1. Return the residues of the stretch 322-378 that are farther than 17 Å from residue 277 by Cα and not in a helix (DSSP H, G or I); say none if nothing qualifies.
2. What number goes with the only condition from (1) in a loop (DSSP other than H, G, I, E, B); (2) at pLDDT below 75; (3) among the aliphatic types (A, V, I, L, M) that residue 219 does not pass?
3. Go through the stretch 302-345 and give me each residue that's of a type in the set (D, E, K, R), under 18 Å from residue 437 (Cβ atoms) and within 15 Å of the ligand (Cβ to nearest atom).
4. For the stretch 137-144, indicate whether the set of residues that are in the same structural domain as residue 36 (by TED's automatic domain parsing), crowded, with 23+ Cβ neighbours inside 10 Å and either more than 26 Å from the chain's Cα centre (by Cα) or among the aliphatic types (A, V, I, L, M) (or both) is non-empty.
5. Restricted to the stretch 139-183, and to residues that are among the polar types (S, T, N, Q) and at pLDDT below 90, which residue is nearest to residue 28 (Cα to Cα)?
6. Which residue out of 97, 84 is under 21 Å from residue 31 (Cα atoms) and crowded, with 24+ Cβ neighbours inside 10 Å?
7. Scan the stretch 15-50 for residues that are farther than 24 Å from residue 122 by Cβ and either at pLDDT 85 or above or in contact with a Pro (Cβ under 9 Å, 6 or more places away or on another chain) (or both) and report the count.
8. If I ask for residues that are on the phi < 0 side of the Ramachandran plot, part of a loop (DSSP other than H, G, I, E, B) and modelled with pLDDT of 90 or more, which ones from the stretch 423-450 would you list?
Amino acid sequence: MPAAGSRSKTTALRTRGPVVAVVGRANVGKSTLVNRFLGRRESIEHPEPGVTRDPRGYPMEWGSVAFTIVDTGGWEPRARGLTAKVVAQAERAARAAHLIVFVVDATTGPTADDIAVAKTLRRAPVPVIVVANKVDSPSVEAELFAFERLGLGRPLPVSALHGRASGDVLDVIVSHVRDIELPEEPEGEPEIGVAIAGRPNVGKSSLFNRLAGTDRSIVDEAPGTTRDAVDEVISAGGTRFRFVDTAGIRRKVKNASGPEYYGLVRSLRAVDEADVVIIVIDAKEGPTEQDQKIAQRVADSGRAAVVVLNKWDLVDEDQRMFLEREVEEKLHFVSWAPLLRTSALTGRGVERILPAVRRVRESWDTRVPTAQLNAWLREVEDRIPLGGRGPRPTKLRYATMARTRPPEVVLFSTGSVSDQAVRALERRLRERFGFEGTPIKVVVRARPKRYGVRGR
Ligand code: GDP
């Protein structure tokens, strides 16, 4: 069975960190660009196409992130014909790399070879950045829109010759690869860190006991990361749920030694050690000020969350509608979190908790491919007034996911963008990509004047 995640297996490269492959047809300036990245003339520049070069990767570092950059121009595939060769190189890059930099020549517009490569890259399981080289003048830059038909987003303009903006491309590369974890983690069930947070007596320990009930096994008690804390692991549906500091919620029953100790402070500490927080609210009482504090804290900590209205059995019909509206209002900090109704007493609804935890954990770790993100941006950009001051309206040029856990989307703009517009963009992102149960960050980076002119 092919091991998932071990991309580098298909190449003979000795690599350090994630692999960034530079693809594109001959003579677009791949080697020159790679040299610019490396800041030295290490790879050989051959003006004539098809010259065999050393296929090894070049280890490099940018913003203290280490990765390996590979000039696929050095790969000599067996395919016959220039188009077939460059497509084969792109296919190999898609298998071997964690990120692909597709270089095109701004002065020629998209060629048949570019279109053939783009077709392959649109199916690539890794992010693709399009870089338009030879943008040596504003008139050339004005022609870049023609490359949008490649379906991989708007290209980043650079001039490898002048060194223009290669730092910007490296910023974008690093934003993609910095969070890639190479497969050193052992195979096995994925593990999700879970904290149960809530005021005393809302039913946290009762819920946990239900979750750990007969149909599932508590796999083990593992020492927690905090001193004197104990984590308990429940295995269910092929996932290990590590409940952080269950002593904090369990011991209370046996040894009621002051609610403040096992109360808020302790559950907040657990929040920081978890991926997902289950926020438990007493449905009979409705969300209180303390519940609001917990919700706000969870949102601030950048954790995924599920809100559980427990003791649902004590709520009568009339209260229910009112209660839901109240939760929406008071817990607006976590408006993105799914809301579950449970009774730890009868067991009703408890079976939905772990699947919801698994789902929101996935959203928390979602990386939307750059091409999809930029396709989305092109759709929504005209529908959202961006605000911004100055004679020219602000434009959004490019979007990328800088990190996950939680997802952070960086939008490169030509000028300032109002907070209102940022919120609208976040709403649109959620409409398109979901992100159920996770906070997301939308960061706008304004690049005044022309894109890529560094230091103004
Ligand atoms: P914790 O302090 O949040 O861990 O709360 P506990 O789990 O110790 O529960 C506090 C009290 O509420 C106990 O008397 C439970 O029996 C009761 N309780 C917990 N969940 C429910 C529920 O869903 N419905 C009802 N009616 N009582 C509950």
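1. 343, 344, 345, 346, 347, 348, 349, 366, 367, 368, 369, listed by residue number.
2. (1)
3. Matches in the stretch 302-345: 341 only.
4. no
5. 159
6. None of the others qualify; the one that does is 97.
7. 3
8. 436, 438, 439, 440
The values are calculated or read from the model by the stated rules, or taken from the named source; none is laboratory data. Nothing here was measured: the structure is a model prediction, and the numbers come from that model. Quick reminder, even Gly has a Cβ in these numbers, built from the backbone with ideal geometry, and neighbours come from all protein chains shown.
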